[in-house]
Every structure is written in structure tokens, then in C-alpha cells.
1. Being assigned to a helix (DSSP H, G or I), touching a Ser or Thr at 6+ places or on another chain (Cβ under 6 Å) and not hydrophobic (A, V, I, L, M, F, W, C) is true for just one of E118, E124. Which residue is that?
2. For the stretch 83-90, does any single residue satisfy the condition of being closer than 12 Å to A162 by Cα and modelled with pLDDT of 85 or more?
3. Mind checking whether some residue in the stretch 49-56 is closer than 29 Å to E126 by Cα, hydroxyl-bearing (S, T, Y) and loosely packed, with under 14 Cβ neighbours inside 10 Å?
4. Output the qualifying pairs, or none if there are none: Cβ atoms under 8 angstrom, residues six or more apart or on different chains, first residue in the stretch 132-143 and farther than 15 Å from F91 by Cα, second residue at pLDDT below 90 and surrounded by 15 or more Cβ atoms within 10 Å (Cβ to Cβ).
5. Within the stretch 71-86, can one find any residue that is polar (S, T, N, Q) and farther than 18 Å from L116 by Cβ?
6. Run L8 past the list (1) touching a helix residue (DSSP H, G or I) at 6+ places or on another chain (Cβ under 7 Å); (2) modelled with pLDDT of 85 or more; (3) not small (G, A, S) and report the number of the one that doesn't hold.
7. For the stretch 106-158: of the residues being under 13 Å from the mean Cα position of the chain (by Cα) and of a type in the set (G, A, S), which is modelled with the highest pLDDT?
8. Take the residues in the stretch 47-74 that are farther than 13 Å from L20 by Cα and hydroxyl-bearing (S, T, Y); name whichever of them is farthest from the chain's Cα centre (by Cα).
Amino acid sequence: MTEKPRPLRADAARNRARVLQVAYETFAEEGAAVPIDEIARRAGVGAGTVYRHFPTKESLFQAIVADRLSQVIERARAQTAADPGEGLYAFLFHMAEQGATDLGLTEAFAGIGFDLTEALPEAEREFTGIMADLLAQAQRAGTVRSDVDTDDIKTLIVGLQAMRRFRGDSERMRRVYPVIRAGLSVPGSAEASR
């Protein structure tokens with residue numbers, strides 16, 4: 001018989017929530033390289049408090065990425081219910097915009113210091129599956145070429161996030177999106193000339 005974990009005391013639960021919030025903000029702004037002691041300082045708790053909840057910085061980063069990835073997956077599910085031809089583009093460009101505000105997620109997708117497939121295999125499979133659904137819908141609707149696969153879309157997400165984060169202001173990105181769209185579109189279609 002396995003024991004159920006005891007619920008956290010109210011103060012411990014508040015500290016854990018505070019650490020997660022500060023870690024999310026810190027990783028989003030500065031990436032995963034921020035030391036755990038700095039996160040503890042910003043959260044107003046001791047490093048021991050952080051380590052009690054998250055034994056390593058990697059486990060803290062993993063908790064943040066898992067939460068962000070679940071939000072991304074929910075957004076993708078919402079896109080599958082939208083216009084099948086536009087869902088993939090809306091999702092792709094939303095993910096690119098995340099590069100401007102969430103360096104931690106951008107690094108996780110790019111595999112910088114974090115192997116998403118190894119650390120969160122179920123979430124990675126779910127993300128890839130929902131991305132495959134969006135792609136298949138767009139291909140059936142005739143808005144995306146049939147020779148594009150999910151690896152191509154993930155590569156575009158990583159590249160666009162990096163470009164958005166490090167090189168592109170929002171105006172530059174608005175000029176790039178039609179180029180991406182034209183490249184993904186079925187040659188000769190109205191989509192390709194948009």
C-alpha cells in the first residue's frame with residue numbers, strides 16, 4: 001500500500017506558489033541560467049525552501065515548462081476547433097510571439113540546456129500530436145502543402161521564436177509571417193499569393 005503525500009501546510013503552499021510565480025517570471029525574462037539562489041532571493045524565501053519543493057534547478061525549470069506547455073496545448077486544442085485552414089497559422093504565429101515574452105519556453109523548445117522529449121515525454125507527445133492534428137486539418141483544407149511535416153513546423157516554431165526574441169520587433173515579424181505563409185502554402189493556390 002502506498003502512502004498518499006501529506007497536503008502542504010498553508011504557509012508551505014504559499015511559499016511554493018510564490019517560488020513558482022517568481023521562477024516563471026525569471027525564466028521567461030532571463031532564461032534557465034538564473035541560479036536557484038537568485039530565484040529564492042526574489043521570492044523572499046531561503047534557498048532551502050526552494051530545494052524542499054524542487055530538489056534541483058532542473059526540476060523547478062521542468063515544473064515551469066510543464067505548466068507553460070499545458071497552456072500551449074490548450075491553446076492548440078482551441079485552434080483545432082477553429083477554422084481548419086487557419087488554425088495552424090494562428091497557432092504557429094502565436095508560438096512565435098511567445099518568443100518575445102518567454103525566453104524559458106523558447107529555450108526549452110530549442111533544447112538549450114533542457115531536453116523536452118526526455119524531461120517531459122508525455123507533454124512532448126501531446127504537443128506533437130496536437131501540432132500534427134493542426135497540420136493535417138490545414139493540409140485537408142488545402143492551405144498547407146502536403147510535403148510539410150510536424151518536424152518542419154516545430155523547426156519553424158523554434159526559428160521564429162528565436163528571431164522574435166533576439167532579432168525581430170513586432171513590425172518585422174508582421175512582414176515575415178506572410179513569407180512563411182506563402183512558403184507553407186500549396187504552390188499556385190490563392191494562399192501562396194496572400
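1. Of the residues listed, the single one that is assigned to a helix (DSSP H, G or I), touching a Ser or Thr at 6+ places or on another chain (Cβ under 6 Å) and not hydrophobic (A, V, I, L, M, F, W, C) is E124.
2. The answer is no; no qualifying residue exists.
3. yes
4. Every condition considered, the pairs that remain are R140/P84; A141/P84; A141/G85; G142/G85; G142/E191.
5. Looking for residues that are polar (S, T, N, Q) and farther than 18 Å from L116 by Cβ, one finds at least one in the stretch 71-86, hence yes.
6. Result: L8 passes all but (2).
7. Looking at the filtered set, the residue picked out is A123.
8. T56
The values are calculated or read from the model by the stated rules, or taken from the named source; none is laboratory data. Source: prediction; values computed, not measured. For neighbour counting, all protein chains shown are included, and Cβ atoms are generated from backbone atoms with ideal geometry for every residue, glycine included.
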